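Asker: Got a structure for you, questions after.
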Amino acid sequence: MKTVFLAWQDEKSRQWFPIGRLTHEDEAFEFVYVRGFENAHRRAALRPLPAFPDPSRVYRAKVLFPMFNNRIMSSAREEFRAYLRRLNLDDEAPEPLLILARSQGRRSTDTFEVFPFPLEPKSGRLVIDFFVHGLRHRSEAAQALAASLEPGAALTLRHDATNADDPNAVQVLAEGTALGFVPRYYAPDLVRLLARAVKIDLAVAKVNPSPAPVQQRVLCHLDAPWPFDAPPFEREDFAIMADTARLAS
């Protein structure tokens, strides 16, 4: 895992904005703002994060920035191994960006979320591991079906074009029943694949029974070819803001 993005949700409008990019390469972590921050500032008055006060700069460090490290459960905690198993990760100290990507880096005290860049550089395929969003808002029957799924069970996607909140919304279905949605960040690119009738392999990777949080109930694995010349997230909101000639220690 080399690249993840940071998103922020406006509590009034409930709209999400990608605002930053975190990478780990050559034993260094790097954080930069992306153009979605400007959109969030303009539309929802988001201010620069205290940890990264200058949106025009590149922030680099040899250790993971506290802003992100605090979103990973400490390995010293007794429940750490159970936490990794819930994320379907090996016990052998997975990379911090992988933990952030799988867990979404969520905390109950703020409205930030972390998600990974989905294109594998070697294979050129779209590969995404994600938890179904919105399951808690589905019927009891849909939630019971979700709880009964086994790893490897086939799932399908459906473009929910009439969705009033997001015309790019993509539903996740099991046995024809909508369980919830693909994370919103991937939806526009998946809509493009669905429109081209590209074969998308989607299956259950893991089901976490209660008392696991419902937002981490059904973990899916998606694998699909990427037939476009431009990479995913080739949208203005994901363009970096930083002047790479200026570095912050």
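The values are calculated or read from the model by the stated rules, or taken from the named source; none is laboratory data. Quick caveat, the model's predicted, so the values are computed rather than measured. Cβ coordinates were reconstructed from backbone atoms using ideal geometry, including for glycine residues, and neighbour counts include every protein chain displayed.
Asker: Say we look at segment 160-177 and pick out the residues that are touching a residue at least 24 places away in the same chain (Cβ under 8 Å) and surrounded by 17 or more Cβ atoms within 10 Å (Cβ to Cβ); which of these is farthest from Pro209 (Cα to Cα)?
Answerer: Restricting to residues being touching a residue at least 24 places away in the same chain (Cβ under 8 Å) and surrounded by 17 or more Cβ atoms within 10 Å (Cβ to Cβ), the top hit is Val170.
Asker: Which one of these is aromatic (Phe, Trp, Tyr), outside any strand (DSSP E or B) and within 30 Å of Asn168 (Cβ to Cβ): Phe68, Phe17, Phe31? Step through it out loud before you land on a result.
Answerer: Numbers: Phe17 fails: outside any strand (DSSP E or B); Phe31 fails: outside any strand (DSSP E or B).
The match here is Phe68.
Asker: Based on this model, can you work out whether Val207 counts as of a type in the set (Val, Ile, Thr), in contact with an Asp or Glu (Cβ under 8 Å, 6 or more places away or on another chain) and not assigned by TED's automatic domain parsing to the domain that holds Ser108?
Answerer: yes
Asker: Name the single residue that is surrounded by the most Cβ atoms within 10 Å (Cβ to Cβ) among those in segment 100-147 being within 18 Å of the chain's Cα centre (by Cα), over 22 Å from Phe238 (Cβ atoms) and in the same structural domain as Asp10 (by TED's automatic domain parsing).
Answerer: Arg107
Asker: Within segment 122-154, take every residue that is assigned to a loop (DSSP other than H, G, I, E, B) and over 30 Å from Ser13 (Cβ atoms) and give me the one that is modelled with the lowest pLDDT.
Answerer: Lys122
Asker: Go through (1) without any contact (Cβ under 8 Å) to a residue 40 or more places away in the chain; (2) in a strand (DSSP E or B) one by one and return the number of the condition Asp110 breaks.
Answerer: Failing condition for Asp110: (2).
Asker: Further, regarding this structure: For segment 86-99: of the residues being within 17 Å of Gln216 (Cβ to Cβ) and touching a residue at least 40 places away in the same chain (Cβ under 8 Å), which is surrounded by the fewest Cβ atoms within 10 Å (Cβ to Cβ)?
Answerer: Top of the filtered list is Asn88.
Asker: Take Ala230 and tell me if it is closer than 18 Å to Ile19 by Cβ, among the small types (Gly, Ala, Ser) and assigned to a loop (DSSP other than H, G, I, E, B).
Answerer: Details: closer than 18 Å to Ile19 by Cβ: no; among the small types (Gly, Ala, Ser): yes; assigned to a loop (DSSP other than H, G, I, E, B): yes.
No, not satisfied.
Asker: Continuing with the same structure: Consider Phe37 against the criteria (1) closer than 26 Å to Asn168 by Cβ; (2) among the aromatic types (Phe, Trp, Tyr); (3) assigned to a strand (DSSP E or B): it satisfies all of them except one. Which criterion is unmet?
Answerer: Against the list (1) closer than 26 Å to Asn168 by Cβ; (2) among the aromatic types (Phe, Trp, Tyr); (3) assigned to a strand (DSSP E or B), Phe37 comes up short only on (3).
Asker: Give just the number: which of (1) among the basic types (Lys, Arg); (2) in contact (Cβ under 8 Å) with a residue 40 or more places away in the chain; (3) farther than 20 Å from Arg106 by Cα does Arg192 not satisfy?
Answerer: Only one criterion in (1) among the basic types (Lys, Arg); (2) in contact (Cβ under 8 Å) with a residue 40 or more places away in the chain; (3) farther than 20 Å from Arg106 by Cα is unmet by Arg192, namely (2).
Asker: Take Ser13 and tell me if it is under 14 Å from Ala239 (Cα atoms) and modelled with pLDDT under 95.
Answerer: No; evaluated as a whole, the condition is false for this residue.
Asker: Hey, any hits in segment 27-42 for a residue that's surrounded by fewer than 17 Cβ atoms within 10 Å (Cβ to Cβ) and in contact with a helix residue (DSSP H, G or I) (Cβ under 7 Å, 6 or more places away or on another chain)?
Answerer: No, segment 27-42 has no match at all.
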